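Throughout, read-outs are computed from the coordinates displayed, never taken from laboratory work. Just so it is clear, the model here is predicted, and its values are computed rather than measured. Reconstructed Cβ throughout: ideal geometry from the backbone, glycine too, with neighbour counts over all protein chains shown.
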Amino acid sequence: MALKLDSIVPWGRNIDEYTEMFLLSDEDLKKRIAGFGDGPASFNYQATMRGYNVTSFDPIYCFSKSQLEARINEVRTVIMKQMSENKENYIWNKIKSLEELESIRMASMMLFLQDYEKGLIEKRYVFHELPDRIDYPDDSFEIGLSSHFLLMYTSLGYDFHIAAISEMLRLCKQVRIFPLCDLDSNASEMIERVIDYFSKKYNVVIRCTDYEFQKDANKLLIINK
Ligand SMILES: C[S@@+](CC[C@H](N)C(=O)[O-])C[C@H]1O[C@@H](n2cnc3c(N)ncnc32)[C@H](O)[C@@H]1O
């Protein structure tokens, strides 16, 4: 079924946030990186500007720049209202206020929009929906990232996650997923079962990061093939 514009809620982070969440070293950043569910994050653009090699995959890349821009402006107030109603669920030490949060997120998404059409032509933004097979050979990337998508939306279920992460592991030598909790910051039985499944096949490490905006959402899963 075709994705409907009014069903998407674009909200994107920047390269500093990606670097902190995923514990990306300077060496890591020089590797071929795939971002799954990157949406309107500015990570791809900022990494490209620094000479790095990042390909982003997301179903929202079926929309045009003007459609995404309109949708970003439409949902901005809705998200900020939700954030102000749930302010106590976040830690306001690095990002100090709702106003600062809105300005950081909007700056990221504006950078993404400026870069979007060029990135589509350069195939840095690729329309794709997990867990579908991507038309790239095995081990095309050294690191595959998923920020605030896989494992967070627990309603997608165990089978979805096993299939989605398996496809990421086909394409990437290593997969990093952040954070390891659901949308309400709860650890869930499904997340544990998914980690157990991959622990039996691969080397799996969980690391704490300094990135903790949503309370208790500070753990990173690393799966090495
Ligand atoms: C909360 S946003 C996170 C965006 C970005 N990773 C960040 O942290 O700034 C979740 C993203 O997952 C994408 N997404 C939803 N379903 C997906 C799927 N089946 N496969 C890949 N990405 C998906 C959404 O379109 C959206 O861009």
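When both bridge partners sit in the chain, DSSP labels roughly 40% of those beta bridges antiparallel. The alpha-carbon of Lys201 sits under 20 angstrom from the alpha-carbons of these lysines, leaving out residues fewer than 8 places away in its chain: Lys173, Lys225. For a 19 Å ceiling on Cα separation, which of these pairs sit above it: Lys4/Lys87; Lys65/Lys123; Lys81/Lys219; Lys65/Lys87? Distance filter (> 19 Å) returns Lys4/Lys87; Lys81/Lys219; Lys65/Lys87.
Largest GNM mean-square fluctuation among Lys200, Lys118, Lys81, using the chain with Cα springs under 10 Å: Lys200.
Asn44 sits among other residues whose Cβ lies under 9 Å from its own Cβ, and their net charge, with Lys and Arg +1 and Asp and Glu -1, is -1.
A Stokes-Einstein calculation at 25 °C with viscosity 0.890 mPa s, built on the Kirkwood radius of the chain over Cα pairs, returns a diffusion coefficient of 138 µm²/s.
With R₀ fixed at 30 Å, the C-beta to C-beta distance from Ser66 to Asp135 puts the FRET efficiency at about 0.65. When the chain is treated as a GNM with alpha-carbon contacts under 10 Å, the residue of Cys181, Cys172, Cys62 showing the greatest mean-square fluctuation is Cys62. Spin-label model, Glu74 to Ser166: label points 7 Å out along the Cα-to-beta-carbon direction sit 3.6 nm apart.
Using the rule -39500 (n - 2.57) for each DSSP H run of four or more residues, divided by the residues of the chain, the 222 nm mean residue ellipticity is -12500 deg cm²/dmol.
Note on region 5-224: with charges restricted to the Cβ of Lys and Arg (+1) and Asp and Glu (-1), its dipole about the Cα centre is near 380 debye.
Here the relative contact order of the chain, from alpha carbon pairs under 8 Å that lie six or more residues apart, stands at 23 percent. Among Tyr45, Tyr202, Tyr211, the largest mean-square fluctuation in a Gaussian network model of the chain, built with springs joining Cα atoms closer than 10 Å, belongs to Tyr202. The local environment of Ala187, defined by Cβ-Cβ distances under 10 Å, has a net charge of -3 under the rule Lys, Arg +1 and Asp, Glu -1.
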